[in-house]
Amino acid sequence: MIRGQVTSEEWQTLCAAPWAVGLYVATAVGGKVQEVRERLALGAALHRALERDHEQDLIGAVAADILREAPPGARWTWQPGDRPAMLRAVTAAGTIASRLPSGLAFRRWLMDLALEVAASEIDGGWLGIGAETIHQMEQAALIDLANALELPSRA
């Protein structure tokens, strides 16, 4: 089982990573309403990870552990001002994952989550004219996350 390949503390770090990437992007720009919508997009993406029915791989095992919580994400209470802590959590998870057989897939999945959160809300414009699918601040956040995960940027 994948969970047996890491310490309990490392497992907690891996389970914090999806929330950290999602919240790092969600708090990059916008107000509370946008942040809530982006958190919902993150939750939906975690549920889809479980639909793959791969609890034996790192992605499925982390998603399953997170979604077993009541309420999901209750262990991590980052606030918008905690963005440096979120990025440190992502970096730590990327380092741990890089040692695991499915670590590259996990790090890519974290970036996919971040991209999905960033694209879940259209920013700016007036009545949809001139709006951005991914805001400049979210693009910068995606670059930060790609660097933290040692992946090429797709922002």
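The values are calculated or read from the model by the stated rules, or taken from the named source; none is laboratory data. Note that this is a predicted model, so its numbers are computed, not measured. Neighbour counts run over all protein chains shown; Cβ positions are idealised from the backbone, glycine included.
So here's what we get for this one:
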read-out	value
Tally of residues being within 18 Å of Gln139 (Cα to Cα) and of a type outside the set (A, V, I, L, M, F, W, C) across the stretch 92-116	4
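For every residue, the table says whether it meets (1) modelled with pLDDT under 80; (2) over 21 Å from Val6 (Cβ atoms); (3) crowded, with 18+ Cβ neighbours inside 10 Å.
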{"residue": "Gly22", "(1), (2), (3)": "no, yes, yes"}
{"residue": "Ala28", "(1), (2), (3)": "no, yes, yes"}
{"residue": "Gly60", "(1), (2), (3)": "no, no, yes"}
{"residue": "Ala70", "(1), (2), (3)": "yes, yes, no"}
{"residue": "Thr95", "(1), (2), (3)": "no, no, no"}
{"residue": "Ala114", "(1), (2), (3)": "no, yes, yes"}
